[in-house]
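The values are calculated or read from the model by the stated rules, or taken from the named source; none is laboratory data. Keep in mind that what you see is a predicted model, and the values were worked out from it rather than measured. Ideal geometry is used to build each Cβ from the backbone, glycine not excepted, and the neighbour counts take in all protein chains shown. For accessibility, only protein heavy atoms count, side chains too; no ligands or nucleic acids. Shrake-Rupley method; radii C 1.70, N 1.55, O 1.52, S 1.80 Å.
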Amino acid sequence: MFSLLSEFDLIKNYFSGFANNEFVRLGVGDDAAITSIPAGRELVTTVDTLVADVHFFVDTAPELIAYKALAVNLSDLAAMAASPAWFTLSIAMPEIDESWLDAFSRGLSDLASQHNIALIGGDTVRGPLTITIQACGIVERGKALRRDGAKAGDGIFVTGSLGDARLALEYLKGERTIGKTYQAAVCDKLHRPVARIDEALSLKNFASAAIDISDGLAADLSHILHSSDVGAEILLDKLPVSDAMRACVDAGDRQAMALRGGDDYELCFTVSESRQAAMLTQLGVDGFEVYRIGTITQDKGLRCIDSKGEFTMAEISGYDHFSGQD
Ligand SMILES: [Mg+2]
């Protein structure tokens, strides 16, 4: 227990002002929350823990820590094509810091209201700074996107540029320089990843499998390949990279970072050839762009094809989240 404020006061002061939504019958303030799921829907549940100096720098602005802690969970909901419904929060912190909690709460509330996800409960303990969020989403029965639906011949797509979060990490650690014009945008990709919820809801009726890219494209696509019992060919030239990556990183490193850098939180998904035109039409109507990067194959393994048409087998492992070690 904290000495300055009881757990109840902490939750009351900082976490009871969040907006509820139609799924919440009883939110923060009782022994437990009560929620309800509409008929014909299923509940999708995910949990992520962020540990200071493992997943984020301990001196990162608290609103950014809050943003990211929720965003990575929203990204998992997006990967399943679930609409955000509610979440719970557990904070371990070494000592009470009210200004930190105030900023954290604001960052969390901003992103939660953007996605209409309700905070329904929380817990606080003393310990090394650690944030755990469990998030739940709602999806029509049988409509969640899973990792095990990819078939040979399906196109492989991603929702946005890859490698920027890795570039930001190298920049923040002093390992790489970035031109001033790009610094804010690149750091935003690391600190404020956009969960691709809207894109997921737009493409969910077309995709055969999906995952969010948290550990790097090669590592996360490999989860789809493994679950679906297939392989893939990736065209390295087709990996989308930002202007900042093009300006600041040479071509060889660029492809490696796009393939293996983590923390991008774009979606990687597969679509059968016969559904692609309809999907692209729908995405166009909804105002989203996606990038085809390769094809699912019967042959197992992840093969990369360079600009000369040469094959290499991809190293699957992603970068460690924070250490920068391979
Ligand atoms: Mg995930």
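Output the residues belonging to the stretch 235-260 that are touching a Gly at 6+ places or on another chain (Cβ under 6 Å) and crowded, with 22+ Cβ neighbours inside 10 Å.
Result: Met245, Met257, Ala258, Arg260.
State which residue is surrounded by the most Cβ atoms within 10 Å (Cβ to Cβ) when the search covers only the stretch 83-108 and only residues that are in contact (Cβ under 8 Å) with a residue 60 or more places away in the chain and part of a strand (DSSP E or B).
Ala85
Is it the case that the stretch 231-253 has a residue that's touching a residue at least 40 places away in the same chain (Cβ under 8 Å), among the polar types (S, T, N, Q) and within 16 Å of the ligand (Cβ to nearest atom)?
no
I'd like the full set of residues that are within 13 Å of the ligand (Cβ to nearest atom) and assigned to a helix (DSSP H, G or I), limited to the stretch 57-82.
Ala71, Val72, Asn73, Leu74, Ser75, Asp76, Leu77, Ala78, Ala79
Checking Lys143 against (1) within 21 Å of Val72 (Cβ to Cβ); (2) basic (Lys, Arg); (3) part of a loop (DSSP other than H, G, I, E, B), which test does it fail?
(1)
Might you let me know whether the stretch 192-207 holds any residue that is touching a strand residue (DSSP E or B) at 6+ places or on another chain (Cβ under 7 Å), away from the ligand (no atom under 16 Å from the Cβ), within 30 Å of Lys300 (Cβ to Cβ) and open to solvent by less than 40 Å² (accessible area, probe 1.4 Å)?
Yes, that holds for at least one residue.
Give the residue that is nearest to the ligand (Cβ to nearest atom), with candidates limited to residues of the stretch 6-56 that are open to solvent by less than 70 Å² (accessible area, probe 1.4 Å) and at positive phi.
The residue in question is Gly40.
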